[in-house]
């Protein structure tokens, strides 16, 4: 444990796990923005995963407690959490996601002097019936305990409204959008050529990208149905699907592709680490989510790279793209296909102008510099108190 520096905020981040989801990526970006000014440490309730190395590369220690996925923390995990918190002596404990929020509450209660408690909710809540049994129970418990945090951060206005309707306290509400690095995600003509060459595509292939892990909330069935309609009009178009469990080893996904006869039009890239390069190669980016999204990272990343977007009206997606993309109802494959075709039918210069406007919108509203300052102000406000 590093030695506390007087007057300097010490933030213990407690997160469910350190995979490659949107919450984990945002945590990395917050740490990048604050680690030189704030002493930070990260507790992952589950075992170390892909993102742990990125956190440690920033000089931020990671403590992985080994909780099994889909379970509650056992006595050993709770004991390790409390010991880590006592040793680190945080001025702020910030939870990330439902499990992490409850664990942060528990750690804060056992600390003396008691640190400030902040929760961070990263998804929308379109209905408890859409969640698993354990998650439903944790959400309800979170609502009962939600008066304890000083602040509850949401990454979208819709998420805050839905959770407060489900019983979460509104007094500490704070909406901080996701932030994006415009030096990492940017237009890159060389990437357009290289990515097409990697996947054996012609240099002029129209490439529609979709980035999401394979999960019912991400809308892969609707996306593929829309793709089948798009290729009727644009038979040479290709859909590049990227994400965890998005590969040929996913039998359910392959069955859908085969049933729609999309084998020649869908490229399955699986989980990748070179996202700026892949996103910059896209002509369009699609977010087809059915529910659950608060602020889809892929939308902000694509906009930062100057790529026009088609999004479903889930979470804050519509307000994120503004007039720099098209919005359709979730689960409506025909509407999704029509929007994709509308943008593909545009003159290339028109698509490029939409992309330039999208990048400017991210710079104005969603840059990581702006968002990082919001987190830093929140942490340092506690350090001065």
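General remarks:
- Sequence-distant contacts, meaning Cα pairs under 8 Å at least 6 residues apart, place the relative contact order of segment 1-110 at 35 percent.
- Ordering 101-114, 263-276, 13-26, 291-304 by mean Cβ neighbour count within 10 Å, with the highest value first, yields 291-304, 13-26, 101-114, 263-276.
- By the count of other C-beta atoms within 10 Å, a proxy for reagent exposure, 248, 47 are ordered fewest to most as 248, 47.
- Segment 1-136 shape via C-alpha gyration tensor axes, a/c threshold 1.5: prolate
- Using a Gaussian network model of the chain in which every pair of alpha carbons under 10 angstrom is joined by a spring, one finds that among 305, 57, 318 the greatest mean-square fluctuation is at 57.
- For segment 167-316: rounded, prolate or oblate by the Cα gyration tensor [a/c cutoff 1.5]: oblate
- The mean sequence separation of alpha-carbon pairs under 8 Å and at least six residues apart, normalised by the residue count of the chain, gives a relative contact order of 16 percent.
- Listing 146, 171 from fewest to most neighbouring C-beta atoms within 10 Å gives 171, 146.
- In terms of surrounding Cβ atoms within a 10 Å radius of their Cβ, 135, 34, 205, 124 rank from fewest to most as 135, 205, 34, 124.
- What separates the Cα centres of segment 237-286 and segment 90-154 is a distance of 34 Å.
- On Cα atoms only, tilt of 348-365 relative to the major axis of the chain in degrees: 10
- 222 nm mean residue ellipticity, helices alone, for the chain (DSSP H n ≥ 4; -39,500 (n - 2.57); rounded to 500): -13000 deg cm²/dmol
- Cα gyration tensor shape for segment 293-371, rounded if a/c is under 1.5, else prolate or oblate: oblate
- [x] 1.00; [y] 1.13; [z] 1.46, with the label sought being that of the calculated Cα Rg over 2.2 N^0.38 Å: [x]
- Pairwise centroid distance, computed over Cα atoms, of segment 183-231 with segment 344-380, Å: 20
We did not get these values from a lab; they are worked out from the coordinates using the rules stated. Just so you know, these numbers come straight off a predicted model, no measurement behind them. For neighbour counting, all protein chains shown are included, and Cβ atoms are generated from backbone atoms with ideal geometry for every residue, glycine included.
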